[in-house]
1. Counting other beta carbons within 10 Å of each Cβ, put Ser55, Ser194 in order, fewest first.
2. As an exercise, use a Förster radius of 35 Å and the Cβ-Cβ distance of Val100 and Phe128 to find the FRET efficiency, rounded to the nearest 0.05.
3. For His93 and Val137 in the same chain, what is the full-extension length gain: residue separation times 0.36 nm, less their Cα-Cα distance, in nm?
4. For Phe235 and Ile74 in one chain, what is 0.36 nm times their gap in residues minus the Cα-Cα distance, to one decimal in nm?
5. Can you sort Thr158, Thr230, Thr109, Thr225 so the residue with the fewest Cβ neighbours within 10 Å comes first?
6. For Val120, Val182, what's the fewest-to-most ordering of other Cβ within 10 Å of each Cβ?
7. Residue by residue through region 150-157, what is 3J(HN,Hα) from phi via Karplus (6.51 cos²θ - 1.76 cosθ + 1.60, θ = phi - 60°)? Round to whole Hz and write x for glycine and proline.
8. Rounded to the nearest 0.05, what FRET efficiency is calculated for Gln215 and Thr109 with R0 set to 35 Å and r the Cβ-Cβ distance?
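Please treat every number below as a calculation from the coordinates, not as lab data. Since the structure is predicted, the reported quantities are computational estimates derived from the model, not experimental observations. Positions of Cβ are generated from backbone atoms using ideal geometry, with glycine treated the same way; all protein chains shown enter the neighbour counts.
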Amino acid sequence: MNRRNSKQHSTLVRGAIQALLGGALLIGMMVAPRQSLANSDLLGAEYGFTLGGTSGPFRTDYALYFNGFLDLPITKSDPLFGQKFMAELMFGHSRSRATVPPIVFSGVTITDFEITTFQVLLGGKYKFDKLGEPGSVARRFQPYLTLGVLFNLFLCRTNERTDSESACGAGPLPPELGEKGVPVGGGDVRFDYSLGGGVDFLLASQFFVGVALRQSFSSADARYTMFGGTAGFLF
């Protein structure tokens, strides 16, 4: 992918994100006046998705990031602050690339590599969903904190989209890539932990949008930060 196509791709990605979040906001504004924010019949569970960006692991470039999440309430009103605590299950995906000075190794010239990341998170989310008086604007803003165990599967390819494409480390790994901590063989599985937070804005009794930030605490080479806009539903 040349530089011009890369810029066009980035523009399309940013446009898609803006259109998606703008559409979610518009739908929420249309339905919000017709619904009450107080709905005691709801279970208190949430599901939705995050679309945004991530810093690439193994010193790769920033990339598009997507996840889907399901939060199930453990308690809707904890005894300490009266807020909601939930168990969280999240699945995420990203793909980032990096170019390197041409490396001739085992008869192949390596010019770039790509890291595909699949993640599964099991953890908890503490959400401040009872700030302000019932029916007030403050009640619509719902900040939260998350903490969980993160299962990462890193897949690596060199010379993506070329005739010499191969899995990183399928053979001996060039020292230049080994210094970056690039996973060898078909892939690399790592268990880490993740800490994050965000703010949701309740547009209707069962629909919210927001922003989220998560940090993966892995080894220095595989550490990455995820951020983006969220949209979800309560049930």
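1. By the 10 Å Cβ count, ascending, the order reads Ser55, Ser194.
2. Taking R0 as 35 Å, the efficiency between Val100 and Phe128 is 0.20.
3. 12.4 nm
4. Roughly 56.5 nm would be gained on extension.
5. Exposure proxy ranking, most exposed first: Thr109, Thr225, Thr230, Thr158.
6. Numbers: Val120 15, Val182 25.
Starting with the residue having the fewest Cβ neighbours, the order is Val120, Val182.
7. 10, 9, 10, 10, 9, 10, 10, 10
8. According to the calculation, E is roughly 0.45.
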